[in-house]
1. Of all alpha-carbon pairs in the chain, indicate the percentage at a distance above 34 angstrom.
2. On the full set of protein chains, 1.4 Å probe, figure out the accessible area of Y28 and give it in Å² to the nearest 10.
3. Would you check the accessible area of H221, probe 1.4 Å, heavy atoms only, in square angstrom rounded to 10?
4. Given H placed 1.01 Å from N in the peptide plane, which residues other than close sequence neighbours of Y158 have an amide H under 5 Å from its amide H?
5. In whole Hz, what ³J(HN,Hα) sequence does the range 109-124 give by Karplus (6.51, -1.76, 1.60; θ = phi - 60°), x for Gly and Pro?
6. Explain nothing, just compute: Karplus ³J(HN,Hα) = 6.51 cos²θ - 1.76 cosθ + 1.60, θ = phi - 60°, for every residue of the range 230-242 in order, whole Hz, x for Gly and Pro.
7. Relative to the compact-globule scaling 2.2 N^0.38 Å, provide the ratio for the alpha-carbon radius of gyration of the range 193-269.
8. Determine the relative contact order of the chain: mean sequence separation of Cα pairs under 8 Å and six or more apart, normalised by residue count, in whole percent.
Amino acid sequence: MNNTQELSEYLEFLEIEKGLAENTLEAYRRDLSSFFDFCKDIPVDKIQRTQINSYIRTLHEKHFSAASIMRKIASLRGFFKWACINNVTKTDPALTLEQPRIPQKLPKVMTVEEINNLLNRNLNKLQRVIVELLYGCGLRVSELVNLKINDYDLNGKYLECTGKGSKDRIVPMGKKAIKAIKDFLPERDYNMQKYNIQSKYLLINKHGRHVTRQEVYTFIHNLGKSLHKSISPHTLRHTFATHLLENGADLRVVQELLGHSNVSTTQLYTHISKKRLKEVYFSIQKRAAFPDSA
């Protein structure tokens, strides 16, 4: 692949100046490497809009999803904007590049009954901490597994987590989340002593190892199976936000709790609440029109 130096410098800029996470940096690396491979030996300052258009057309021909194409276009726009500002290129060939429109899908959420059913399962102490922090605090799975032992204050009833773009936020904790952590801490200490390890992370499993994202995904997926429902850790975060709005929480407050930089992202949950409200309304109307026989 040509243009290796420019790509390396751009990724360094994203890591140091923008504070992007490792997974996000790797996604940028893959997207831009794919484009530079397509351009073959054309140096960055010689790439024109025609090469970008041909690349996007090829993505469509290879049946990439609209979401994947949108992400790759965003990567190109970000890179060439940086290249232009830093005089790597004289002009920005991606300046007027348009993003494809993709249909907005409402995220899946669980009902209060389903959440109660889930919480009433026979969960061990580690599992209960995971569920309580995903649903009770609306954490992302990456925020959850990266929680450190000094990131929460049980007396102050809050925790501090690092979200996207290395942005820190404060999230209040309810009684159940606090109890779950208190119940889990002696078990955590026992497992660390048993395997003679020290860890700064909160979530330590019975083998004395730091809990991974994949372990959380697998656990939540299997827990959903017991409810005959396909769920992920993000489902619990979506449910947290939706239940707050359904119970009268202010949109800006929910935005802060979720760590959204733009309120338009949070507004998606108002659509879910309206959709569920309509479902309940028409369900009541149907029962009223066709009452059970006495």
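The values are calculated or read from the model by the stated rules, or taken from the named source; none is laboratory data. Since the structure is predicted, the reported quantities are computational estimates derived from the model, not experimental observations. Neighbour counts are summed over all protein chains in view; Cβ atoms, including those assigned to glycine, are modelled from backbone coordinates with ideal geometry. These accessible areas exclude ligands, DNA and RNA; they are computed on the full protein's heavy atoms, side chains included. Shrake-Rupley method; radii C 1.70, N 1.55, O 1.52, S 1.80 Å.
1. Roughly 38 percent, rounded to a whole number.
2. About 50 Å², rounded to the nearest 10.
3. About 80 Å², ignoring ligands and nucleic acids.
4. Close amide H contacts, sequence-distant or interchain: D153, M173.
5. Whole-Hz 3J(HN,Hα) from phi for the range 109-124: 10, 9, 7, 4, 4, 5, 5, 4, 4, 5, 6, 8, 5, 7, 8, 7.
6. Using θ = phi - 60°, the values come out as 8, 9, 9, x, 5, 4, 5, 5, 4, 5, 3, 5, 5 Hz.
7. 1.46
8. Numbers: 298 pairs, mean separation 46.8, N = 294.
Averaging sequence separation for qualifying contacts and normalising by length gives 16 percent for the chain.
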